[in-house]
Structure formats: structure tokens, C-alpha cells
Amino acid sequence: DGGVILAPYLIVDSNVRDFLEQNPDNLPNQDSFAYFAYQEANPDSVDHIRLLADNTFGFEDKFGGGDQDYNDLIFQVNF
């Protein structure tokens, strides 16, 4: 159909419900925050996702980019 945007995200030390209740503006000075595929949406303005292989993505889960190994969460999308 088209018109769909996929935006993977990772919520650190929380779940969706609690994150939305406690930090809906995704501020960096909170207990939990989310990292998105879009760098500008991240509270530290750092890129937290990398394309590792065909349709395979890796996330970095630490503020400021952490160790930049991008293996804290790895997922593959099949279409």
C-alpha cells in the first residue's frame, strides 16, 4: 500500500507505558528514555542504530553512544 514509515526504537530500563507516563518528552535527565532510528529524536542527539547486514539492525543502549558496538539489541526485518 505505501505511506507507512517504520521507526524502530529502544526504551532503556522501562517499558512503553511507563516511559510515556514518566518521560513523554524524551528528556535526557530522566530515569528512562527512548532511542529512535532518527538521531534528532534521541535525547543525546547521537545515532543509536546501525545497519549491520541486509535488513539487520543493531542498537546501542547507552547515553552518548556508549561503547558503540551496536549489539545491545539486534533485530532483522523480513518483508
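Taking θ = phi - 60°, what integer Hz values does the Karplus form 6.51 cos²θ - 1.76 cosθ + 1.60 yield along the range 59-64, in sequence order, with x for Gly and Pro?
Ordered by residue, 3J(HN,Hα) equals 10, 9, 9, 10, 4, x Hz.
Order these by the 10 Å Cβ neighbour count, fewest first: 49, 5.
By the 10 Å Cβ count, ascending, the order reads 5, 49.
Counting other C-beta atoms within 10 Å, which of 38, 70, 9 has the fewest, and how do the rest follow?
Ranking 38, 70, 9 by Cβ neighbours within 10 Å, fewest first, gives 38, 9, 70.
Express the relative contact order of the chain as a whole percentage, based on alpha carbon pairs under 8 Å and six or more residues apart in sequence.
Rounded, it is 20 percent for the chain.
Using a Förster distance of 25 angstrom, determine the FRET efficiency expected from the C-beta separation of residue 7 and residue 72, and round it to 0.05.
The pair residue 7/residue 72 has a calculated efficiency of 0.90.
For a quick check, take a GNM of the chain with Cα springs below 10 Å and name the residue from 68, 30, 39 with the largest mean-square fluctuation.
Per the Cα network of the chain with a 10 Å cutoff, 30 tops the list.
Taking only DSSP H segments of four or more residues, each worth -39500 (n - 2.57), what value at 222 nm results for the chain once the sum is divided by all its residues, to the nearest 500 deg cm²/dmol?
-2000 deg cm²/dmol
Residues with amide H under 5 Å of residue 47's amide H, sequence separation 5 or more or different chain, H placed in the peptide plane at 1.01 Å from N; which?
none
For a quick check: sort 32, 45 by the number of other beta carbons within 10 angstrom, fewest at the front.
Taking fewest neighbouring Cβ atoms as first place, the list is 45, 32.
Just so you know, all these numbers are worked out from the coordinates, no wet-lab data involved. Note that the structure is a prediction, hence the values are computed from the model and not measured. Here the Cβ is made from the backbone with ideal geometry for all residues, glycine too, and neighbour counts use every protein chain on show.
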